[in-house]
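> Pasting a structure below so you can have a look.
The values are calculated or read from the model by the stated rules, or taken from the named source; none is laboratory data. As the structure is a prediction and not an experimental result, all values here were calculated from the model. Here the Cβ is made from the backbone with ideal geometry for all residues, glycine too, and neighbour counts use every protein chain on show.
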Amino acid sequence: MENDTNCSCDSDKGSGCSCGTDKQVVENSKTGIEKLTVNEFSTVKNVIAVMSGKGGVGKSSVSSLLACGFRRKGFEVGIMDADITGPSVPRMFGVKGKSEGTQFGILPAETKTGIKVMSINLLLPKEEDPVIWRGPILSGVVKQFWTDVVWTDLDYLFVDLPPGTGDVPLTVMQSLPLNGLIVVTSPQELAVMIVNKAVKMAKQMNIPLLGLIENMSSTICPKCGEEYQLFGRSHGKEVAEEFSVPFLGSMPVDPYLATLCDTGRIEDYESNLFANLIPEKIAAD
Ligand SMILES: Nc1ncnc2c1ncn2[C@@H]1O[C@H](COP(=O)(O)OP(=O)(O)OP(=O)(O)O)[C@@H](O)[C@H]1O
């Protein structure tokens with residue numbers, strides 16, 4: 001793609017420029033890996049992926065809470081649910097129904113506070129239908145979530161990756177112009193061991209690590225107020241230090257959060273962790 005010499009855009013701003021001479025082209029020349037161009041009716045200034053080494057550590061909850069926090073600060077925000085075989089984002093926001101296909105592309109759903117959401121569950125006839133597809137098909141769907149969805153103008157798009165280091169995380173890291181990655185872990189030794197793999201993958205792929213969040217670090221007894229380390233001693237800070245990744249903080253187990261997620265009201269949850277994180281520590285632009 002040739003550079004448009006008339007363009008006054010700042011190429012560091014990622015795929016946010018409509019001139020087509022943006023970061024994607026710059027990165028192509030650096031890495032040799034072709035970044036996909038976002039849907040032509042969309043501009044997305046920052047793309048941040050949320051990853052975990054293993055399943056069930058609360059990656060989708062963290063992605064969703066990050067989106068809610070940024071939205072509260074007044075940003076235009078979207079969530080791409082790239083966890084195609086285990087999508088949970090629409091349920092957490094209480095978003096239902098089918099996304100509409102138009103001549104401009106697929107329209108994402110919108111949550112009650114105005115967060116744009118795209119998930120395979122918004123395209124399937126029934127949300128409980130399983131997705132039994134092989135890796136290349138899953139990767140193709142995620143690419144289409146970038147090229148075919150009309151995100152319009154977003155300040156931040158959070159990509160909720162499936163757990164692990166498989167096909168889809170690889171596709172997202174290679175094909176989307178990521179500004180950075182947040183890794184979610186929990187205090188269990190197994191989760192800590194596997195987070196190393198996620199961090200190493202991101203480093204190998206040259207994706208900036210914005211930080212590590214430890215979920216389910218502790219819980220407060222509702223009767224005596226004492227704090228319990230549910231899964232043993234927290235290792236979040238040590239792991240972050242070992243890999244020179246900023247430690248963004250810990251999130252306790254909170255039954256109220258679980259209830260809100262189960263009933264599609266995650267936007268009603270206000271967490272100090274996310275209020276403090278945003279957007280100072282996650283400055284992607
Ligand atoms: N800090 C927390 N307090 C209470 N419940 C939580 C917390 N974090 C996550 N949960 C609950 O745990 C469940 C799993 O969380 P979530 O879907 O975010 O995990 P995940 O890592 O994305 O899972 P998967 O690997 O399946 O994608 C959800 O029901 C969520 O509501």
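> So LEU209 clears everything in (1) surrounded by 21 or more Cβ atoms within 10 Å (Cβ to Cβ); (2) hydrophobic (A, V, I, L, M, F, W, C); (3) more than 16 Å from the ligand (Cβ to nearest atom); (4) farther than 19 Å from SER88 by Cα except one condition, right? Which one?
Only one criterion in (1) surrounded by 21 or more Cβ atoms within 10 Å (Cβ to Cβ); (2) hydrophobic (A, V, I, L, M, F, W, C); (3) more than 16 Å from the ligand (Cβ to nearest atom); (4) farther than 19 Å from SER88 by Cα is unmet by LEU209, namely (1).
> Is it the case that region 261-270 has a residue that's buried (at least 20 other Cβ atoms within 10 Å of the Cβ), within 16 Å of the ligand (Cβ to nearest atom) and β-branched (Val, Ile, Thr)?
Looking through region 261-270, at least one residue is buried (at least 20 other Cβ atoms within 10 Å of the Cβ), within 16 Å of the ligand (Cβ to nearest atom) and β-branched (Val, Ile, Thr).
> Moving on to the next point. Can you tell me which of VAL195, VAL117 is in contact with a helix residue (DSSP H, G or I) (Cβ under 7 Å, 6 or more places away or on another chain) and farther than 22 Å from ASN46 by Cα?
Numbers: VAL117 fails: farther than 22 Å from ASN46 by Cα.
Of the residues listed, the single one that is in contact with a helix residue (DSSP H, G or I) (Cβ under 7 Å, 6 or more places away or on another chain) and farther than 22 Å from ASN46 by Cα is VAL195.
> I would also like to ask the following. Considering only residues that are away from the ligand (no atom under 16 Å from the Cβ) and surrounded by 22 or more Cβ atoms within 10 Å (Cβ to Cβ), look in region 75-109 and name the one that is farthest from the chain's Cα centre (by Cα).
Initial filter on region 75-109 (away from the ligand (no atom under 16 Å from the Cβ)): 75-78, 96-109.
Right, trim to surrounded by 22 or more Cβ atoms within 10 Å (Cβ to Cβ) and you get 77-78, 108.
Numbers: VAL77: 11, GLY78: 9, PRO108: 16 Å.
Ranking the qualifying residues of region 75-109, first place goes to PRO108.
> Give the number of residues within region 52-74 that are out of contact with any Pro (no Cβ under 9 Å at 6 or more places or on another chain), within 13 Å of the ligand (Cβ to nearest atom) and not in a helix (DSSP H, G or I).
1
> Residue under question is LYS223, and the condition is that it be part of a helix (DSSP H, G or I) and out of contact with any Ser or Thr (no Cβ under 7 Å at 6 or more places or on another chain); does it hold? Working first, answer last.
Working: part of a helix (DSSP H, G or I): no; out of contact with any Ser or Thr (no Cβ under 7 Å at 6 or more places or on another chain): yes.
No; evaluated as a whole, the condition is false for this residue.
> Considering only region 235-285, give the helices (runs of 4 or more DSSP H) lying wholly within it that have at least 1 residues that are modelled with pLDDT of 90 or more.
On the way: elements: 236-242, 255-262, 272-277.
The helices (runs of 4 or more DSSP H) meeting that bar are 255-262.
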